[in-house]
1. Calculate one ³J(HN,Hα) per residue across the range 127-142 by plugging θ = phi - 60° into the Karplus curve 6.51 cos²θ - 1.76 cosθ + 1.60, and present them in order as whole Hz with x for glycine and proline.
2. Leaving out ligands and nucleic acids, and using a 1.4 Å probe, what accessible area per residue does the range 230-353 come to in Å²?
3. Using a 1.4 Å probe over the heavy atoms of the protein chains, calculate the carbon and sulfur portion of the accessible area of the range 307-385 as a whole percent.
4. Applying the Karplus parametrisation 6.51 cos²θ - 1.76 cosθ + 1.60 with θ = phi - 60° to the phi angles of the range 266-281, what ³J(HN,Hα) value in whole Hz is obtained for each residue in order, glycine and proline being reported as x?
5. What is the distance in Å between the Cα centroid of the range 176-205 and that of the range 244-273?
6. Under a 1.4 angstrom probe, counting protein chains only, how are K242, K330, K204 ranked by accessible area, largest first?
7. Using a 1.4 angstrom probe and counting only protein chains, how large is the accessible area of L120 in Å², to 10?
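The values are calculated or read from the model by the stated rules, or taken from the named source; none is laboratory data. Being a predicted model, the structure only gives us computed values, none of them experimental. Side chains included, ligands, DNA and RNA excluded: accessible areas come from the protein's heavy atoms. Shrake-Rupley method; radii C 1.70, N 1.55, O 1.52, S 1.80 Å.
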Amino acid sequence: MMAASAETSGGDQTVDVELIVLGNSKSAADGGSTASASDEITPLLTQSERPKVNIFSVSHSRRKPREQVIKVPETDISSISQWVWNGSRYSGLVCMALSSTIYFVMEVLSNNFTVQSIPLLETAFTRCTVSLILSYLWLRRSGQPIFGATYPRNLLVLRALVGYVSLLSFIYCIQRIPLSQGIVLNFTTPIMASIMARIILHEKLKIAEMGGLACSFFGVLFIFQQMLTTQGTENGNLKLRKQAVLIGLFSSITGGISYCLIKAAAKASDQPVLTVFSFGILASPAAAICTFAFEEFVLPSFYSLSLMIALGILSFLAEVFLTRGLQLEKISKVENVQFIEAALSQLWGIGTSRIAPSFGRLVGCLLILISVSCTVYFGPQKEIE
């Protein structure tokens, strides 16, 4: 607060000025200015109808709604993948169905893209190497240990050995018997796996599950009935063919044992990719040695190599889903879902006019689809009960 007074004398023209300054004048002045400012601003802020946008509004980026729109599909994809991997009681069956579907896609790609003839062992070496690299990158990216505890490690090594013996046996068999017979022998692996699971893992094998496996296998026999009868009458060394069939059955038995070891190792290590990685560590160098020892190495072209790498990537995904399915569900249930590959292959061939439709093929596909549908519909409910 400031006050001033003045005195004037007439004769000497003398002027006295007196100035008084109080200590709280600054705060009073600030308070007065703040009050006056608030009185002036308050009516602007308390209007009943404020403008939606003004220069005092906080600016929001226009990209936020678009970001939300983009993130919604990512959230949906994440929830779907979580449901498939471990979010439902159907996860094991769905993983096995995805594995069979990927194998079917690999068959379609192999049939529709013509490439140079590559030996089977060289093809196996390429797929095992791609699976080894991808599984190693997966484990490193997820922070999982490459080598776990001793007990799962022993199971993983045993699984790799048995699995590679099964692979070599099947390659030997498929090179010496007709393709249809080799396919039928390969589809005995689910039956052998269910039997071995009963012996090794002490899983209960119910009559309904045995019936589902039998129904699916009869469907495979119906599909390849005509090919089996025509190719079976071809001339050839009967003794060599019987030997190849026996080796094919041995491949199915070892494949069934391998599935049991996959399930045990995946449950012990709690990481399905680790079983794929352990198999690649053994199978990749072993396949390379067998390729140079028993077959003539063929240098693939860029087109052939690209297709082999693509099939190797799909093979890795199929093996991961197969391992996950075995980890989550009973072997007798998930193995029945594997037969869907044969039905999809036949239906695709009929739909693209590559295979002539016949009564046996249609009946076989119908039997497989009915058996797999019953397994998916009744299987998880029986397991929970």
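1. 5, 5, 5, 4, 5, 5, 5, 5, 5, 5, 5, 4, 5, 5, 5, 7
2. In whole numbers, the range 230-353 has 43 Å² accessible per residue.
3. 70
4. Residue by residue, the range 266-281 yields 5, 6, 6, 8, 6, 8, x, 5, 5, 5, 5, 5, 5, 5, x, 4 Hz.
5. Rounded to whole Å, the Cα centres lie 10 Å apart.
6. Largest accessible area first, the list is K204, K242, K330.
7. My reading of the accessible area for L120 is about 70 Å².
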